[in-house]
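Right, one structure below, let's go through it.
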Amino acid sequence: MRHLLLSITALMSMSLLHAQDITDKYWTYRKRLWDGFVVTGTGPGRSICAAQAITLKDGRRGLYFGDVITYHGWYVSALATEYALLKRSGAPTDITLQELCYALQAVERLDLLAETLYADASGRYGEPVLNGFFVRDDIDTSYKHFFPGTQLIYSDYLLGQQTPARPMSDNEMSQDQVIHLLQGLCLTYALLPEEAAFNGYAPRSKAAETGLRILRFMSQNNWHIHNPVTGKPLYRGPDARIFSRPLYRVGVFLNGGKAPEGLEKPAAVSSFSWPLTQTGMIPVFFNRAMVMLLATEGNAWGGTKRTAEVLKLYDRLWNKPVFPLVHRVLYRDAKPGSQAFARKVEKLLLEAPVGGPARNTPGTWNASNRWLASRKSYRKGDSFFPEAQNTGLDYMVLHNVYRLVYESPEGHNFRMPEPVKDAFRVR
């Protein structure tokens, strides 16, 4: 008995030490995010994280913003879950709340900008309107001046200016961008109290409004998404019919469990195509991530218990433990995983590089986002460039949902260190 008690005590001490290690690393990543990937504020280009900080073969340094709303969903997810941990610990939440509000306002900014970038057949450009149609980013070359030594900016906004045959088509929204963004909106809606607000902006209600506005826009034309100015199908990802069933369920979640007014019913094809995804055998890794996200956000495989079981199957097949944990945070009657699952997550968190994830580092944190990558990519890297520093948002979300699920409210203290606070600024 004495040896058993000593073993339990040693295990608990190791767990406490690990918790401190992974949380110290978390705050290192947070400061690193402000220092090298995002400019916080409300102006053009603000509060949108770069996907990667890159170095070319000739030594020039740059920031890569490709598919950036995909990563924005993880940025919002990290902030919403960070807020929940701080609030639970009784720690100040003001910086995180302000940053989250700016990140949500960035989506509204891209929505208002969208129509103005496109012309109809007569050459007339659209007017600003908040209707759910958005562009991927508004990052231009001036952004490099915020980060000394940065010489290049890659963004879909700039790419859209370089394709005169199909102007700005590369900057249009797509369904995959929406699916990733919805995770952040759902977590904000689930975790932020209604009274939380910055300068009158309440992120919980705004997250729901934004998500429902986008879903209503997507559901028009039987879930075929068209540019409202040109009238043409989106250049990338216009057909959302197959995923319309889980997308509709996300809308129900964001509407407090009720069918949202103005959201069209799922397309007929989704009623038999979506259930097939429960096998876990989705060959294309990026589509696999979208399936896991949709199931997580919409509780979309036949209820909480069944969805949790299939997400655990996906994790066993593809090593993606973040999704069962996010599902547990969103749908609180879902059972947490076993202690073996918890230890697996802890091992992954400990494995992440202390100085930040990057291409060609030991372990499995080499991709721009581990949860979206193939096994080869998260071991070797997925960048187009020889050197790439990654945001660490994949780590941050895993860290936060792990603590939210496995740690009691009276557990380890969680608060933003002073040196990290000092790094926050609005520009």
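The residue of the stretch 313-352 that is farthest from VAL252 (Cα to Cα), among those that are of a type in the set (Lys, Arg) and in contact with a helix residue (DSSP H, G or I) (Cβ under 8 Å, 6 or more places away or on another chain), is LYS320. Scanning the stretch 319-347 for residues that are part of a helix (DSSP H, G or I) and more than 19 Å from the chain's Cα centre (by Cα) returns GLN339, ALA340, PHE341, ALA342, ARG343, LYS344, GLU346, LYS347.
Touching a Leu at 6+ places or on another chain (Cβ under 8 Å) and at pLDDT 95 or above: which single residue out of LEU293, LEU350 fits that description?
When all the criteria are applied, what remains is LEU293.
Taken over the stretch 342-352, the criterion of being surrounded by fewer than 17 Cβ atoms within 10 Å (Cβ to Cβ) and either of a type in the set (Val, Ile, Thr) or within 26 Å of GLY298 (Cα to Cα) (or both) is satisfied by LYS344 alone. The set of residues in the stretch 368-418 being touching a Lys or Arg at 6+ places or on another chain (Cβ under 7 Å), assigned to a helix (DSSP H, G or I) and more than 21 Å from LEU191 (Cβ to Cβ) consists of TYR378 alone.
Listed here are the residues, each with its yes/no results for (1) out of contact with any helix residue (DSSP H, G or I) (no Cβ under 7 Å at 6 or more places or on another chain); (2) surrounded by fewer than 19 Cβ atoms within 10 Å (Cβ to Cβ).
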position	(1), (2)
VAL354	no, yes
THR361	yes, yes
ALA367	no, no
GLU407	yes, yes
MET416	no, no
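Take the conditions (1) of a type in the set (Phe, Trp, Tyr); (2) more than 26 Å from GLY45 (Cβ to Cβ); (3) modelled with pLDDT of 95 or more; (4) in contact with a Ser or Thr (Cβ under 8 Å, 6 or more places away or on another chain); TRP365 misses just one of them, which is (4). Put simply, of GLY123, GLY160, GLY132, GLY149 the only residue that is on the phi > 0 side of the Ramachandran plot and either of a type in the set (Lys, Arg) or touching a helix residue (DSSP H, G or I) at 6+ places or on another chain (Cβ under 6 Å) (or both) is GLY132.
With the condition kept exactly as written, say whether any residue in the stretch 36-55 is assigned to a helix (DSSP H, G or I), surrounded by fewer than 21 Cβ atoms within 10 Å (Cβ to Cβ) and touching a Phe, Trp or Tyr at 6+ places or on another chain (Cβ under 7 Å). Yes, there is a match, as at least one residue in the stretch 36-55 is assigned to a helix (DSSP H, G or I), surrounded by fewer than 21 Cβ atoms within 10 Å (Cβ to Cβ) and touching a Phe, Trp or Tyr at 6+ places or on another chain (Cβ under 7 Å).
If you check GLU387 against the conditions, is it surrounded by fewer than 15 Cβ atoms within 10 Å (Cβ to Cβ) and either among the acidic types (Asp, Glu) or within 17 Å of SER77 (Cα to Cα) (or both)? No.
When the stretch 372-398 is examined, which residues are found to be of a type in the set (Ser, Thr, Tyr) and closer than 22 Å to ASN287 by Cβ? Answer for the stretch 372-398, where residues must be of a type in the set (Ser, Thr, Tyr) and closer than 22 Å to ASN287 by Cβ: SER374, SER377, TYR378, SER383. Would you be able to say whether some residue in the stretch 83-97 is touching a strand residue (DSSP E or B) at 6+ places or on another chain (Cβ under 7 Å) and not hydrophobic (A, V, I, L, M, F, W, C)? The answer is no, given that none of the residues of the stretch 83-97 is touching a strand residue (DSSP E or B) at 6+ places or on another chain (Cβ under 7 Å) and not hydrophobic (A, V, I, L, M, F, W, C).
Take the residues of the stretch 294-317 that are assigned to a helix (DSSP H, G or I), farther than 17 Å from LEU276 by Cβ and not polar (S, T, N, Q): which is nearest to the chain's Cα centre (by Cα)?
Across the stretch 294-317, the extreme among qualifying residues is GLU297.
Of the residues making up the stretch 132-171, those that are outside any helix (DSSP H, G or I), under 19 Å from HIS72 (Cα atoms) and not charged (D, E, K, R) are GLY132, PHE133, PHE134, VAL135, ILE139, ILE153, TYR154, SER155.
Annotation: of all residues in the stretch 180-217 being surrounded by fewer than 24 Cβ atoms within 10 Å (Cβ to Cβ) and under 16 Å from LEU263 (Cα atoms), the one that is nearest to the chain's Cα centre (by Cα) is ALA208. Just one of the listed residues (GLU115, GLU99) is within 22 Å of the chain's Cα centre (by Cα) and assigned to a helix (DSSP H, G or I), and it is GLU99. Taking first residues from the stretch 368-396 that are on the phi > 0 side of the Ramachandran plot and partners that are part of a helix (DSSP H, G or I) and modelled with pLDDT of 95 or more, the Cβ contacts under 6 Å between residues at least 6 apart in sequence or on separate chains come to GLY392/TYR29. All conditions but one from (1) under 28 Å from TRP365 (Cβ atoms); (2) not in a helix (DSSP H, G or I) apply to PHE286; the one that does not is (2).
The values are calculated or read from the model by the stated rules, or taken from the named source; none is laboratory data. Remember, predicted model here, so these are calculated numbers, not experimental data. Backbone-built Cβ (ideal geometry, glycine too); neighbour counts: all protein chains shown.
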